Amino acid sequence: MNGVHDMGGMHGMGPVEIEQDEPAFHSGWEARAFALTVASASHRRWNIDMSRHSRERMPPADYLAATYYERWLFGLEKLLVENGLVSAKELESGCPERRADGTGTLRAAGVAEFLRVRIRARLEDDVRPKFRVGGRVIARNIHPAGHTRLPRYARGRHGVIERDHGVFVFPDTSAMSGDKKPQHLYSVRFAARELWGADASPRDSVYVNLWDDHLDPA
Amino acid sequence: MSDHPHHHAGDDHAREHDRPLSGPALRVKALESLLVEKGLVDPKALDELIDTYETKVGPRNGARVVARAWVDPAYKQRLLADGGAAIAELGFVGRGEDIVVLENTPKVRNLVVCTLCSCYPWPVLGLPPVWYKSAPYRSRAVINPRGVLKELGGEIPDAVEVRVWDSTAELRYLVLPERPAGTEGWSEEQLAAIVTRDAMIGVVPVTVPGSGR
């Protein structure tokens, strides 16, 4: 979706300010929002792509005004209700109507293993690559209303396949229906001038990870 | 409009930063109570998750990887060929993502960003800092990397190539910074101590403290 989360190349956002000795979390609620999000994923009602898409669907003005973990909280509430773990009424009232049987609930002893395997995007499927390393490609000029990992700034631009990383889950369909649509993932090199025009440095480039379905031969 | 946190509540910025919209602290507390009562989350697992990223997993992991690569050429070769496997040799394992290691040289500077969200190599750097997840960095790193690098770590000469890596997949990047001059003969531990998180994201070089380099 052409949302405000797709920020590459926007102006006016201000300077990058690095905080010295930054803590992992700036308040107790941030830590809890983080942990609740990770722990709730253990029920496997949604995948990482659906999780990202839930945050992208925050209304644009709210997204820009929110802190990072407020976006996570927004996304988590959405995922819980949309996937039937919590009803809208329960979320509103805070009172449980139904208890779960505890199956799939992450326990402290299982945390390390859960973190190790939580995201499995590389697939063993035998799928032929559509492109070869060194091949010239053009990123498709697509504007899906749903989730996509093809940033706006790269659409319609020419690039070169720098590396073939093998077969991966395709996030654009995985986020919308759970369909993994196994296909090759590449690093595609775009010259800075191709993306940003003649004012960009002639030496520089931006590498974007894109999938077969994002690309056409150039 | 940045994500930058402020701790002085009550000023004009408070609403759009620490305590905005509808009181996230209250909402999180209510949500945790509900999920615990429903049996969907175990508070002890939450404590364990938080402790993991507050005390166990952070940029010290990545610094050990970098220091090892600086002293052990065979390890560096393995690291560049298959980042995930070489990192696992040191006992750091992640969330199933591949990790690609990008080597800085006198001719090439690498810079990592995630313009669409906040993808970051958790196993070696822990959770990303606020600035990495912020609108200023996500918007500017791809269109004006030299501007960002100049502000944060000094101007990059024209002759040096800047490569920006937008983390759009479950494939994370770790920058292998250049080993600074003046560290000849240092132990792996000494070297690891000077490797910073920001150097492994690529926004600054590694410097020897006190040397002015």
Task: Failed item in (1) in contact (Cβ under 8 Å) with a residue 12 or more places away in the chain; (2) surrounded by fewer than 19 Cβ atoms within 10 Å (Cβ to Cβ); (3) under 16 Å from the mean Cα position of the chain (by Cα), with A:Asp216 passing the rest - done: (3)
TODO: Working carefully through the options A:Ala31, A:Ala24, find the one that is within 7 Å of chain B (Cβ to nearest Cβ), under 24 Å from B:Ile201 (Cα atoms), not charged (D, E, K, R) and not in a loop (DSSP other than H, G, I, E, B).
DONE: A:Ala31
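When segment A:140-167 is examined, which residues are found to be within 11 Å of chain B (Cβ to nearest Cβ) and in contact with a Lys or Arg (Cβ under 6 Å, 6 or more places away or on another chain)?
The answer is A:Glu162, and nothing else.
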Task: Odd one out for B:Gly91, checked against (1) outside any helix (DSSP H, G or I); (2) of a type in the set (Gly, Ala, Ser); (3) under 19 Å from B:Pro180 (Cβ atoms) - done: (3)
- [ ] Please work out which one of (1) in contact (Cβ under 8 Å) with a residue 12 or more places away in the chain; (2) surrounded by fewer than 19 Cβ atoms within 10 Å (Cβ to Cβ) is the condition A:Gly14 fails and give its number.
- [x] (1)
Open item on the list: Contact list please: Cβ distance under 6 Å, first residue in segment A:55-71 and facing chain B (nearest Cβ under 7 Å) and at pLDDT 95 or above, second residue part of a loop (DSSP other than H, G, I, E, B) and buried (at least 22 other Cβ atoms within 10 Å of the Cβ), pairs at least six apart or on different chains.
Closed with: A:Thr67/B:Asp3; A:Tyr68/B:Asp3
Open item on the list: Testing B:Ser139 on (1) at the interface with chain A (Cβ under 9 Å from one of its Cβ atoms); (2) within 16 Å of the chain's Cα centre (by Cα); (3) of a type in the set (Ser, Thr, Tyr), one condition comes back false. Which one is that?
Closed with: (2)
Open item on the list: I need the full set of residues from segment B:94-136 which are assigned to a helix (DSSP H, G or I) and either within 7 Å of another protein chain (Cβ to nearest Cβ) or free of Cβ contacts under 8 Å to residues at least 24 places away in the same chain (or both), in order please.
Closed with: B:Val130, B:Trp131, B:Lys133, B:Ala135, B:Pro136
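Scanning for something over 17 Å from the mean Cα position of the chain (by Cα) and without any contact (Cβ under 8 Å) to a residue 24 or more places away in the chain, does segment A:154-164 turn up at least one residue?
Checked against the condition, which is being over 17 Å from the mean Cα position of the chain (by Cα) and without any contact (Cβ under 8 Å) to a residue 24 or more places away in the chain, segment A:154-164 yields at least one hit.
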- [ ] For segment A:168-179, indicate whether the set of residues that are free of Cβ contacts under 8 Å to residues at least 60 places away in the same chain and aliphatic (A, V, I, L, M) is non-empty.
- [x] no
- [ ] Check A:Val117, A:Val133 and return the single one that is exposed (fewer than 14 other Cβ atoms within 10 Å of the Cβ) and more than 13 Å from chain B (Cβ to nearest Cβ).
- [x] A:Val133
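The values are calculated or read from the model by the stated rules, or taken from the named source; none is laboratory data. Note that the coordinates shown come from a computational prediction; the quantities given were computed from them, not determined experimentally. Here the Cβ is made from the backbone with ideal geometry for all residues, glycine too, and neighbour counts use every protein chain on show.
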